[in-house]
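The values are calculated or read from the model by the stated rules, or taken from the named source; none is laboratory data. Given the structure is predicted, the values throughout are model-derived calculations rather than measurements. Glycine gets a Cβ as well: all are built from the backbone with ideal geometry, and neighbour counts include every protein chain shown.
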Amino acid sequence: MCLSSTLSKLDNTISFFHDAYSCYEDYLAASFPFGLYKQIFLPSEMVVSPTSFGASTCIFSADILNDEKVIDQIIGTRIKLAYALARQWFGIYTSAEEPNDDWLLDGLAGFLTDLFIKRYLGNNEARYRRFKV
């Protein structure tokens, strides 16, 4: 269910998502480990953190939804959503024994996200994102 006032923002923000999904499926030669994947966008006052991960579900703050007129934030938002999908993909196969072991899941998800950035946004954007930090 989506409020009509945010429907155009939702459509603009997630319109690329099939590309990320297909990119990961092609590279890994494996289908998504869950039967379905849900993205939930809640008002910022209802979320604890900007992104929360669960089994086949990601909860985001609705603040990341962008109108088509806002072009400077859409790349960062798409990267966040692609990262969340990649984290779900590996989250079923890899679980941290201790909280300090999350680096492995973050690294694998980061690798897939970088692959998506290179394929759909170009090498320059991937290099920029890598060395920006």
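At-a-glance table
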item: Ala82 vs. criteria more than 21 Å from Phe34 (Cα to Cα) and of a type in the set (A, V, I, L, M, F, W, C); result: no
item: Number of positions in region 11-23 that are surrounded by 15 or more Cβ atoms within 10 Å (Cβ to Cβ) and either without any contact (Cβ under 8 Å) to a residue 60 or more places away in the chain or assigned to a loop (DSSP other than H, G, I, E, B) (or both); result: 1
item: Scope region 11-23; condition modelled with pLDDT of 90 or more and either over 15 Å from the mean Cα position of the chain (by Cα) or charged (D, E, K, R) (or both); matching residues; result: Asp19
item: Residue identified as under 15 Å from the mean Cα position of the chain (by Cα), more than 22 Å from Lys132 (Cβ to Cβ) and surrounded by 13 or more Cβ atoms within 10 Å (Cβ to Cβ) among Tyr120, Tyr37; result: Tyr37
item: Test result for Ile40, out of contact with any Pro (no Cβ under 9 Å at 6 or more places or on another chain), of a type in the set (A, V, I, L, M, F, W, C) and touching a residue at least 24 places away in the same chain (Cβ under 8 Å); result: no
item: Whichever residue in region 1-10 is within 15 Å of Ile64 (Cβ to Cβ) and loosely packed, with under 15 Cβ neighbours inside 10 Å and, among such residues, is modelled with the lowest pLDDT; result: Cys2
item: Whichever residue in region 54-84 is in contact with a strand residue (DSSP E or B) (Cβ under 8 Å, 6 or more places away or on another chain) and either crowded, with 19+ Cβ neighbours inside 10 Å or of a type in the set (A, V, I, L, M, F, W, C) (or both) and, among such residues, is nearest to Asn12 (Cα to Cα); result: Leu65
item: Residues satisfying the stated conditions in region 24-79, i.e. in a strand (DSSP E or B) and modelled with pLDDT of 85 or more; result: Lys38, Gln39, Ile40, Phe41, Leu42, Thr57, Cys58, Ile59, Phe60, Ser61
item: Any hit, region 94-116, residues being within 18 Å of Tyr27 (Cβ to Cβ), touching a helix residue (DSSP H, G or I) at 6+ places or on another chain (Cβ under 9 Å) and modelled with pLDDT under 85; result: yes
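Every residue, every condition in (1) more than 13 Å from the chain's Cα centre (by Cα); (2) under 17 Å from Phe41 (Cβ atoms), yes or no:
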position	(1), (2)
Ile64	no, yes
Asp67	yes, yes
Ile74	no, yes
Ile79	no, yes
Tyr83	no, yes
Ser95	yes, no
Phe116	no, no
